[in-house]
1. Run the quick spin-label model on residue B:29 and residue A:303: label points 7 Å from Cα toward the beta carbon, then report their separation in nm to one decimal.
2. What share of Cα pairs, in percent, lie more than 27 angstrom apart in chain B?
3. Just to be sure I follow the rule: in the range A:144-283, considering lysines 8 or more places apart or on different chains, how many pairs have Cα atoms under 23 Å apart?
4. Please report, in whole Å³, the volume per residue of the convex hull around the C-alpha atoms of the range A:290-359.
5. Which of B:98, B:61, B:13 ends up with the largest GNM mean-square fluctuation for chain B, with Cα atoms connected below 10 Å?
6. In units of 2.2 N^0.38 Å, what is the alpha-carbon radius of gyration of the range A:160-263?
7. Per-residue HN-Hα couplings for the range B:80-91, Karplus 6.51 cos²θ - 1.76 cosθ + 1.60 at θ = phi - 60°, whole Hz, x for Gly and Pro?
8. So for the pair residue B:72, residue A:248, with labels modelled 7 Å out along Cα→Cβ, what separation do we get in nm?
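Just so it is clear, none of the values below were taken in a lab; they were calculated from the coordinates. These numbers were taken from a predicted model, which means no experiment stands behind them. For neighbour counting, all protein chains shown are included, and Cβ atoms are generated from backbone atoms with ideal geometry for every residue, glycine included.
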Amino acid sequence: MPALLKQFGPLKNPDHPLLALGLEGSANKLGAGVIKHAPDGSSMVLSNVRHTYITPPGEGFQPRDTALHHRQWAFKVIREALDSAGISLSDLDCICYTKGPGMGAPLQSVALIARTLSLLHDKPLVGVNHCVGHIEMGREITGAKNPVVLYVSGGNTQVIAYSRQCYRIFGETLDIAVGNCLDRFARVLNLSNSPSPGYNIEQEAKRGKRLVSLPYTTKGMDISLSGILTAIEAYTQDKRFRPDGLPKFTDDQDIITPADLCFSLQETVFSMLVEITERAMAHIGSKEVLIVGGVGCNERLQEMMGIMARERDGQVFATDERFCIDNGIMIAQAGLLGYRMGMTTPLTKSTCTQRIEIKFDRFRTDEVHVTWRA
Amino acid sequence: MCWLLGLSRSGVNVPGVRMVDASEGLLGIEWIEGSSVKRLLPSGAEDSEEGVDGVSAEDQNPLDAFQLSVDALMGLIGVEIAKMHLADIVHGDLTTSNMMLRRPSSPDSTPELVLIDFGLSYHSTLVEDKAVDLYVLERAFASTHPDSEPMFASVLEAYGKKMGKEWTALRRRLDDVRLRGRKRSMVG
């Protein structure tokens, strides 16, 4: 793990090593991780354990079952995270958990676990915004200084840039998230959900040869994906579509295979993402792009973003599945940064939120006060 | 790029076309002596590594060089966009970095606002497209220039005045467009 030194900003180096446990469970992954911030300003990932709730092909994950999965696996995952870090719960300085946004039932289960641990061992709680967790982990791992962030996952699609202690959203999806779009198409094709539907779409797309025409829907800085999903689903009812990917008879040339559809879907939606990211870069004058979130480990997306960045004389920062896909360590990282700035969540406020429940408790990425950056 | 010629004919301030070589894919346009609007307005961003032209420290307002108030600049922006929309051209990427303020050639003339970068522009008569155009600019203001609401309000005021009759429908549509996006309101 690269040890990165932070030189500027309001964040002071701690006077003794700090340890944080991060618990993540906003969707179908349950994650636990331990991070250490050393007095020289470097940080070190001590453990990063994850267990994913995988449903049969053709099915998504339901909140109730996902929450049950998290409750069943919590002890095992947390125990493993502590053991491989070689520490016990009493060594921790704080316990960080995902406050939101995400699916209600799984969030509540993990918040409950965090509260219990906090009371048992008398450790302060820190509630963390999931999106900010992704961004902070990406910055820590890649060393990107002030990048334009593309946050792409099953629940979110946002282009983000930092300004005045807030991550500001430049563009986002108007309807469904890009990961959701890919996952749902994987379900239509009956692709496996293991290790993730998006991964199987990516593998399938590598064999695609034919680019079918799909709507290209950028709207200003925003994009819309639900119509594209409908359009690509319609191709599976097309006369030329061959579910097995094989010609029906010898002269059967004009065919569309599942691989072609996966390829076309990826090319179209990724182009849209690259376009809005490029516009944000041009406007801000930044030469760095950081890709975070589950879809961020798609190598085709990284490649396309790389081409764009090279043309602009810039650089792409991306991480692999350990840090891209939801994990506990990113919650620990963002939580510990907050903790060092004196932000803790009292027990009575240790709620979680799916999206925006009440007017005064909004939880969009741009509503979090990022105290640890200048 | 034929927009550029059409637009300048409609009286919109855009860079003049100097040379076109279609076979080589080259387009030569006028050099505009001045500064991008983005640099002229206070920004909240952490300075990028390159810095903003090295010197421009915060103690000196870059707009002073143009002898223009922020409000007057916003008025210029509003009028210029309205002229473009009246010619039924949608810019497609309206941000403060895609606008320049031309330094006046003689001391008694006023600075001109020039719209640049028509790479994503297209022809449209639809209220929807024009409203989205304005919305893009509003978001660009909000994300790069802190506390920009009053600034954008004066852009809209000048824009509305110039647009005349069309403004009523456009304003209503702009309100609709603002409501789009996820997890935005208290609904659901």
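1. A separation of 3.3 nm, rounded to one decimal place.
2. Numbers: 5635 of 17578 pairs.
Roughly 32 percent, once rounded to a whole number.
3. Values: A:206/A:248; A:209/A:239; A:209/A:248; A:239/A:248.
The result is 4.
4. On the way: hull volume 10.8 nm³, N = 70.
Each residue corresponds to 154 Å³ of Cα convex hull volume.
5. Comparing B:98, B:61, B:13 in a Gaussian network model of chain B, the most mobile one is B:61.
6. Its radius of gyration relative to the 2.2 N^0.38 Å reference: 1.30.
7. Ordered by residue, 3J(HN,Hα) equals 5, 5, 4, 4, 5, 5, 5, 7, 6, 10, 10, 6 Hz.
8. 7.3 nm
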